[in-house]
1. Go through the range B:95-120 and give me each residue that's under 14 Å from the mean Cα position of the chain (by Cα) and either at the interface with another protein chain (Cβ under 9 Å from one of its Cβ atoms) or over 25 Å from residue B:26 (Cα atoms) (or both).
2. Just to check your reading of the model, which residue among B:13, B:28 is in contact with a helix residue (DSSP H, G or I) (Cβ under 6 Å, 6 or more places away or on another chain), within 16 Å of DNA strand D (Cβ to nearest atom), touching a residue at least 40 places away in the same chain (Cβ under 8 Å) and more than 14 Å from every other protein chain (Cβ to nearest Cβ)?
3. With the condition kept exactly as written, say whether any residue in the range B:86-94 is part of a loop (DSSP other than H, G, I, E, B), more than 7 Å from chain A (Cβ to nearest Cβ), at pLDDT 90 or above and crowded, with 18+ Cβ neighbours inside 10 Å.
4. Please tell me if residue B:34 is more than 14 Å from DNA strand C (Cβ to nearest atom) and either on the phi < 0 side of the Ramachandran plot or within 13 Å of chain A (Cβ to nearest Cβ) (or both).
5. Please count how many residues of the range B:34-71 are within 16 Å of residue A:79 (Cα to Cα) and in contact with a helix residue (DSSP H, G or I) (Cβ under 8 Å, 6 or more places away or on another chain).
6. Working only within the range B:33-54, note down all residues that are more than 16 Å from DNA strand D (Cβ to nearest atom) and assigned to a helix (DSSP H, G or I).
7. For the structure I just gave you, tell me whether residue A:51 is more than 13 Å from chain B (Cβ to nearest Cβ) and farther than 28 Å from residue B:125 by Cβ.
DNA sequence: TCATATCTGCAAATGTGTCGCATATGTGTA
DNA sequence: TACACATATGCGACACATTTGCAGATATGA
């Protein structure tokens, strides 16, 4: 898991043509630190402990960072979004269809599958980054 | 794409130990007919044209049918759920991360990938049915 | 330092989905 | 077929995630 210094993140923001505000930097920094994709609720909780920051600001920054390609937005069918740093590498996870359990799996390439799917596709020509969610039931729920 | 008669669907409901009500049958029948996974909004619109049916009823029936394993619930990061008939076979789709475009791709097996992921997993032992969503950008948004 | 585009907090508004409750309906049993 | 009871339904209120309008604050280039 790559570690980014605050200065690194500032560079990322500038490269993305985003203004470097305290709050935006803080949001980016917070997401960069989490191990599992974080919910907005978790992020807001964490951020509020450090600084007085409104949830609307958190939402707006998550959106701008996502649009700029710095964050990946994930949805696990749980009714709320999750965010993680956009690493350029694909993101794969098993997701429980019953409870909120998710498990990121590292080190598996699905490039072949993506290639096959693109070959059959009419609406997609290439994918930039992609994430794959496989839904099943976790041990507790099975 | 398998076609189900109304009688077939009644049998499915009975096998699932669900009461056969007009509304539940109608919801199931409607989902069974759509080609692409349908949003609740679309289903409510379609259903309202045929019969006076409340959206709470639609939601409740979609849930009971999903819990009973007759419907698959999908989330494409668009802020609302989609439903399709649970076929037993896996469901694969390319999803645009920018607009609402999705494209189902048939005839690709990802059993090997699922097997590999399960092997690395600590929280999942086996998957029942699974669906895979690969996020990228569609031609228009690329 | 200034001008201006962008950001922020606040409160109110949306959108999606759920719940409580009184009434209606399906289903097994007599 | 009629009954009893569990379950389903409609309605309105509610809950939660996310967005928006607006007025004041801040970042950035000139």
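The values are calculated or read from the model by the stated rules, or taken from the named source; none is laboratory data. The structure displayed is predicted, hence computed values, not measured ones. Cβ atoms come from the backbone with ideal geometry, glycine included; neighbour counts cover every protein chain shown.
1. Matches in the range B:95-120: B:102, B:103.
2. B:28
3. Within the range B:86-94, one or more residues are part of a loop (DSSP other than H, G, I, E, B), more than 7 Å from chain A (Cβ to nearest Cβ), at pLDDT 90 or above and crowded, with 18+ Cβ neighbours inside 10 Å.
4. Yes.
5. Total meeting the criteria: 3.
6. Matches in the range B:33-54: B:33, B:42.
7. yes
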